[in-house]
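Just so it is clear, none of the values below were taken in a lab; they were calculated from the coordinates. What you see is a predicted model; the values in this text were computed from it and never measured. Methodologically, a virtual Cβ is constructed for each residue, glycine included, from the backbone with ideal geometry; neighbour enumeration extends over all protein chains shown.
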Amino acid sequence: MLRQALLAASRSEGVRRLVERAPVTRDVVRRFVAGETIGDALRVTGELTGEGLLVSLDVLGEDTRDKEQVEANVRHYAELLDRLGAMGLGPRAEVSVKLSAVGLTLDEDLALDGARRICAAARTVGTTVTVDMEEHASVDATLRIVHELRRDFPDTGAVIQAYLRRAEEYCAELAYEGSRVRLCKGAYAAPEPVAFTAKDEIDKSYVRCMKILMAGRGHPMIATHDPRLIDMAAALAVLHDRDAGSFEYQMLYGVRPQEQRRLAREGAQVRVYVAYGREWYAYFMRRLAERPANLRFFVRSLTSR
Ligand code: FAD
């Protein structure tokens, strides 16, 4: 119930204005968001890569319904990639892109064109793009676009949300040589007919999907903070004789940072998803929805001043 309410609030203009105006919100947001500018993002990327972690940078801003904003978002990614390249961070830091930020809600071809330009900019500095997965209604269009992008940029990462009832089918289709696939549980509100909504069902689906990806020939990206699933991924890697370079763990900036470093120290590839930008509201609310402790932390900081 609470999760559904927070996810509904993540789409509400009125609640957004309230949360953004709360006096301490920015301090709490900083726990999950690296800052507002490219400079902030590069500083955090430098720190994380210096500690042996990989990074995927997400420019906050989604559901863009204005062509000029779409163009500005594409240019922002191009500038970010250019500056990553200039700092020599290209190979260790990639970008994550939400297609709704590059026009998917307006027109599929517009989004494909924007994503293609970002992939081209990434290739210039020797790195990759992963296409985030968003609301369930956009899953088919997103997979179509990823398929198109992979014709020219075969290293484009796809994302599968385990809460989708069709997740196993998608994983089986994507477990081919060279295919980078991020497996996550799913962060949006999705209805029963298309998604599992009970936690244990989602977790079981995650395990089934992970088994398919780890047994396959692609490059699985195990995106979870769940200790049981992380242990299971390690066991599956042994079972399928995968070396550390053939898959990676992924976690969000600000969540289980010690675990991120522990895995990296043990020789695993760990990529931290670092979101930055001014449009942090929806991203922040999804983080609150994921874990009651995050919400308690937020409420405590509101009342402790
Ligand atoms: P949960 O069920 O939320 O948590 C499982 C366990 O993990 C908890 O019981 C606890 O032991 C541990 N844990 C979780 N959070 C914390 C914490 N704050 N502190 C300590 N322990 C904690 N979703 C999408 O829909 N589309 C995407 O493109 C997408 N990309 C993502 C990329 C990355 C790198 C990651 C990590 C997540 C992404 N997500 C995405 C979000 C994802 O779908 C989940 O909503 C989110 O990761 C929470 O799920 P979980 O697997 O961590 O499990």
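Things to note:
- Counting neighbouring Cβ atoms within 10 Å and putting the fewest first, the residues 205, 56 line up as 205, 56.
- Assuming charge only on the beta carbon of Lys and Arg (+1) and of Asp and Glu (-1), the dipole of the stretch 89-133 about its Cα centre is about 280 debye to the nearest 20.
- Measuring r between the beta carbons of residue 226 and residue 72 and using R0 = 41 Å, the FRET efficiency lands at 0.70.
- Averaging the sequence gap over all C-alpha pairs within less than 8 Å and six or more residues apart, then dividing by the number of residues, gives the chain a relative contact order of 25 percent.
- Inter-centroid distance (Cα atoms) of the stretch 175-210 relative to the stretch 235-300, Å: 16
- Of the DSSP H helices in the chain, those whose Cα atoms cover at least 15 Å axially and whose Kyte score averages 1.0 or more: 227-239
- Only the Cβ atoms of Lys and Arg (+1) and of Asp and Glu (-1) were treated as charged; on that basis the dipole of the chain about its Cα centre amounts to roughly 1080 debye.
- Extension gain, residue 5-residue 65: 0.36 nm per intervening residue step, less the Cα-Cα distance, totals 19.2 nm.
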